1. Dividing the Cα convex hull volume of segment 333-379 by residue count, how many Å³ per residue is that?
2. Run a plain Debye calculation on segment 267-401 (Cα atoms as equal point scatterers, no solvent) and give log10 I(q)/I(0) at q = 0.22 Å⁻¹, rounded to two decimals, same order as the q list.
3. Considering the Cα positions of segment 55-102, please state its Rg to one decimal place and its Dmax as a whole number of Å.
4. Can you pull the semi-axes for segment 55-159, root of five times each eigenvalue of the Cα gyration tensor, sorted largest first, whole Å?
5. What order do you get for 329-341, 31-43, 280-292 when each peptide is scored by the mean count of other beta carbon atoms within 10 Å, highest first?
6. For Arg431 and Asp198 in one chain, what is 0.36 nm times their gap in residues minus the Cα-Cα distance, to one decimal in nm?
7. With Kirkwood's inverse mean 1/r over C-alpha pairs for Rh, give me the Rg to Rh ratio of segment 498-616, two decimals please.
8. At a threshold of 8 angstrom on Cα-Cα distance, excluding pairs fewer than six apart, so keeping six or more, what relative contact order does segment 420-484 reach in percent?
Amino acid sequence: MKNLFSNVKGDIFGGITAGIVALPLALAFGVSSGLGPAAGLYGAIFISFFAALFGGTSTQISGPTAPMTAVSMVVIASIIAVHDGDVEKALPYILSVFILAGLMQISLGLLGMGKYIKYIPYPVVSGFMTAIGVIILVTQILPAIGYYPKEDEDLVNQFKPQAEEIILQNILKEEAGEGILVLDHFEETIKRANTVTDADTLKEAKTLAAKEASGVIGSLKVLPRAIQFISWLELALAIATIVIIYGFKRITTAVPSTLVALIAVSGVAFIFKLPYRRIEEIPTGMPMPNMAIFTQFSITSLTPYIFTALTLALLGAIDSLLTSVVADNMTKTKHKPNKELIGQGIGNTIAAIFNGIPGAGATIRTVVNINSGGKTKLSGMVAGIVLLVVLLALGPIASQIPAAVLAGILITVGIGVMDYKGLKAIPSLPRDLKIGPLKVSSEVIIMLVVLVLSSVWNLVYAVGIGLVIASLMFMKKIGDLTAERSDVKSLLQEKAWKDEANFPVNLKEEVFIKHIKGPLFFGSTSEFQQLASQIPSTASTVIIRTGRMQYMDQSGLYAMEDVLVDLKKNNVNVLFVNLLQQPKYMMERIDIIPDLIPVEHLFSNFDDAVAWVKENVKDTY
């Protein structure tokens, strides 16, 4: 508790600023999920407060995020479809899946699994993040132009025959469950069928129409039809929102451009009484727990979603711990990964009980918090309280926000969440795999497989398939390397090699020698990134001996780049000794050589590096 109140002024200001940044995103993610803006706001309130209170990263701000919302959207749509398109009926089951995901996160933390998250390869994460961007971007086109499939009468009418068929199937299933033999009691079937009204058929047809237009494929399918019914007012509101978000950033970053766009465009639309479509009404008063979660609980209803809940838990863990690393780099602190998972799990569990969508550590909000003075857990708790105050005081006002404005906000989120670093690297990565007559990059293949499958099929399965492919390709590469040289070892504690015995004693404070004794790949990047913190403050030069580093993958490449950038910032010279062909090729492809490491700093043997040191490094300690 002492540390909690050690920076009250900075934490309050940081929390207020982060809460303001979170507000438009929380509303937008709630709408995108299918549960409405209130669900996004509830999720942001409870996750931010409780993940901060129980988590292991002092400055982390948590809440609904793009990846978590994209997966939640799939869960929500599938469960609503099972319950005849009735959100109220489906809600307890949806929230039960979210609670299960939160409990799984708590279990991962208690089992000490936080340290294993780093083993997910970069191409899988890259493909997944870009797919999230594509999903959000494409699915928000329809609301941005004011088209809603459920309200398109001609489209809905096309699904009425199928709706009648589904209703009849449901009647037959009910009868089978009651032990009625249909052929012997067909009169009962007819009797029940006669109770079906046109309204029931229309409701089912609307559900089918919405399902047909859901996801990337569905949105693209109905897009030609949607363009015929475009609402120019809704489109203008969405475009105005996007322009302000990107344009205001050029003026100042002191005020969140997303919030400026939300207030400005909504204000104009409201003041001039434009006939725009509003978001769903946000309930007033304190959020209350949804007791139907417990009164209607059923193991059988949860069974089909166990794997999906696990995906949500793992995705939330990855999302949060990556943000924790960003926070560590900015604050020069060290987060506790397992404690962070427990905190995120508690936050998601409580949020689900109060009708909120799940979330994770949010990078932008965390950065804003740190830059605004936040240093302790109090900042994250304040952010949650700020959003609660907004809910209680401004709920009716927030209900006047145009739906197109939130669609515009989400489009910018979709554009921003894509991994452009990974996409830009596609042409330059080495083509190490032969498929028929073609030579391709195995890492590009993994990224594209995850990207395409996530976008058009299933996020959960896509990640699983990506991990399997990455593991198989990695095992093959390591197997080939091991066959060539049997003494491949992982990174070990530094020990002087024989040829270092005669290194000038007077320069040992100024020169730090690092050995890499095996491949630099996604499983060893974490240890390697600690290199910068291991270097004594007296060192002005680092010699990295890479004669035993036969292979470097994309994760290792970017880890190397990050370390070299840090060393360059600290004015530390880096020399490479015996850099082998494959790692050198990788570093040349993204210009680490010569931008960060000049060609004259590459030495074929240790003696040449020592000669350079004697000539260029001064004995100052």
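Nothing in this text is a laboratory measurement; each read-out follows from the coordinates by a stated rule. This one's a predicted model, so the numbers in the text were calculated from it and none came from an experiment. A quick note on method: Cβ atoms are made from the backbone with ideal geometry, for glycine too, and the neighbour counts reach across all protein chains shown.
1. Looking at segment 333-379, the number lands at 91 Å³ per residue.
2. Summing over Cα pairs of segment 267-401 leads to -1.31.
3. 13.4, 44
4. Rounded to whole Å, the semi-axes are 33, 20, 12.
5. Listed from highest to lowest mean packing, they are 31-43, 329-341, 280-292.
6. Difference between extended and current length: 77.9 nm.
7. 0.93
8. Normalised by residue count, the contact order of segment 420-484 is 19 percent.
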